[in-house]
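Asker: The following block contains the structure, expressed as structure tokens.
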Amino acid sequence: MTNIDYFKLQAKNLLKDYQTRYLSEDGEIYEYEPKFFDIVGIFLEYGIMDDDKNFEFKLGNAQHLIAQMAGFASWKELITAPEANQLKARKSLERSIHNEYGCTSFISHNLTPDGREITEYSHDPLDSDVPYHEELSGQEWKDGIDECWKNGMGFDLNTIVECQHCGTRFTFKEVKIRRLKPEYNHGQEDDFKEIVCKHYPECNGNLLDLIPAEIIDAQGGNENDQ
């Protein structure tokens with residue numbers, strides 16, 4: 001997993017944690033049931049006030065916050081930084097995830113004889129994350145598209161997009177959708193579906209790498225990764 005892919009994963013995980021938000025029984029505060037981050041502590045640390053019912057936190061906000069946690073002023077600054085700086089930021093971010101939450105792709109669970117759970121982390125790079133995911137089709141594919149639109153992302157199915165990883169163009173309705181296998185998600189079916197390039201798994205581009213061709217053509221060249 002490249003450094004940029006690692007940061008993208010953390011942003012998605014942070015968004016997933018935010019999406020567990022619910023109003024407390026007394027109706028006074030919002031609470032969370034996160035898997036990956038101490039989202040309440042992070043919001044407090046970075047002065048993010050989520051107590052307004054109209055508060056919105058989307059993928060772009062999660063990316064910005066991950067960049068700040070990694071020591072950068074913005075997401076663009078993070079993903080365009082020299083690889084050595086990205087690696088340093090990645091290690092820093094990994095060290096900061098020291099609570100019971102962690103990155104799903106790097107987490108394994110073991111139980112002690114008395115039933116206590118031990119979380120072990122391995123940050124060795126993965127040659128491929130394909131074994132950890134399953135590709136969806138049919139209604140599950142459509143559900144993934146609908147989930148994407150619900151979160152303010154994605155394009156009309158007939159939009160021609162260009163993948164910034166492999167450089168190929170195709171209609172958005174040709175994208176593939178995957179999700180994490182239950183055995184790598186605490187034994188539960190993952191309800192977070194990810195849109196990936198038409199050429200997955202040969203290409204590891206995801207939704208963030210799919211740019212409408214008309215935008216690229218209007219600018220006379222390729223855009224940087226978002």
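Asker: Search the stretch 139-158 for residues being among the hydrophobic types (A, V, I, L, M, F, W, C), outside any helix (DSSP H, G or I) and more than 17 Å from the chain's Cα centre (by Cα), and hand back the single one that is modelled with the lowest pLDDT. Outline the logic, then answer.
Answerer: Residues of the stretch 139-158 that are among the hydrophobic types (A, V, I, L, M, F, W, C), as a first pass: 141, 145, 148-149, 153, 155, 157.
Next, from what is left, pick out any that are outside any helix (DSSP H, G or I): 153, 155, 157.
Those left that are additionally more than 17 Å from the chain's Cα centre (by Cα): 155, 157.
Values: PHE155: 88, LEU157: 93.
Taking the candidates together, the pick is PHE155.
Asker: Collect the residues in the stretch 8-49 that are buried (at least 19 other Cβ atoms within 10 Å of the Cβ) and among the small types (Gly, Ala, Ser), keeping them in residue-number order.
Answerer: Selection gives ALA11 alone.
Asker: Quick check: is even one residue across the stretch 51-61 in the same structural domain as LYS8 (by TED's automatic domain parsing), under 27 Å from LEU87 (Cβ atoms) and charged (D, E, K, R)?
Answerer: First pass over the stretch 51-61, keeping only residues in the same structural domain as LYS8 (by TED's automatic domain parsing): 51-61.
Filter once more, so that each one left must be under 27 Å from LEU87 (Cβ atoms): 59-61.
Keeping just the survivors that are charged (D, E, K, R) gives none.
Looking for residues that are in the same structural domain as LYS8 (by TED's automatic domain parsing), under 27 Å from LEU87 (Cβ atoms) and charged (D, E, K, R), one finds none in the stretch 51-61, hence no.
Asker: Pick out the one residue from GLN63, GLN68 that is more than 26 Å from LYS193 (Cβ to Cβ), not in a loop (DSSP other than H, G, I, E, B) and not small (Gly, Ala, Ser).
Answerer: Values: GLN63 fails: more than 26 Å from LYS193 (Cβ to Cβ).
Being more than 26 Å from LYS193 (Cβ to Cβ), not in a loop (DSSP other than H, G, I, E, B) and not small (Gly, Ala, Ser) holds for just one of GLN63, GLN68, which is GLN68.
Asker: Can you name every residue in the stretch 159-174 that is in contact with a helix residue (DSSP H, G or I) (Cβ under 8 Å, 6 or more places away or on another chain), free of Cβ contacts under 8 Å to residues at least 60 places away in the same chain, assigned to a loop (DSSP other than H, G, I, E, B) and closer than 24 Å to ILE4 by Cα? Please lay out each step first, then the result.
Answerer: The initial filter retains those residues of the stretch 159-174 that are in contact with a helix residue (DSSP H, G or I) (Cβ under 8 Å, 6 or more places away or on another chain), namely 159-165, 169.
Next cut, free of Cβ contacts under 8 Å to residues at least 60 places away in the same chain only: 159-161, 163, 165, 169.
With the extra rule that they be assigned to a loop (DSSP other than H, G, I, E, B), the set shrinks to 159, 165.
Passing the criteria: only HIS165.
Asker: Considering only the stretch 126-138, how many residues are modelled with pLDDT under 50 and either surrounded by 10 or more Cβ atoms within 10 Å (Cβ to Cβ) or of a type in the set (A, V, I, L, M, F, W, C) (or both)? Walk me through it before giving the result.
Answerer: Step one: of the stretch 126-138, the residues modelled with pLDDT under 50 are 126-127.
Now restrict to residues that are either surrounded by 10 or more Cβ atoms within 10 Å (Cβ to Cβ) or of a type in the set (A, V, I, L, M, F, W, C) (or both): 126.
Total satisfying the criteria: 1.
The values are calculated or read from the model by the stated rules, or taken from the named source; none is laboratory data. Treat the numbers as computed from the prediction; the structure is a model and nothing was measured. No Cβ is skipped: glycine too gets one built from the backbone with ideal geometry, and neighbour counts run over all protein chains shown.
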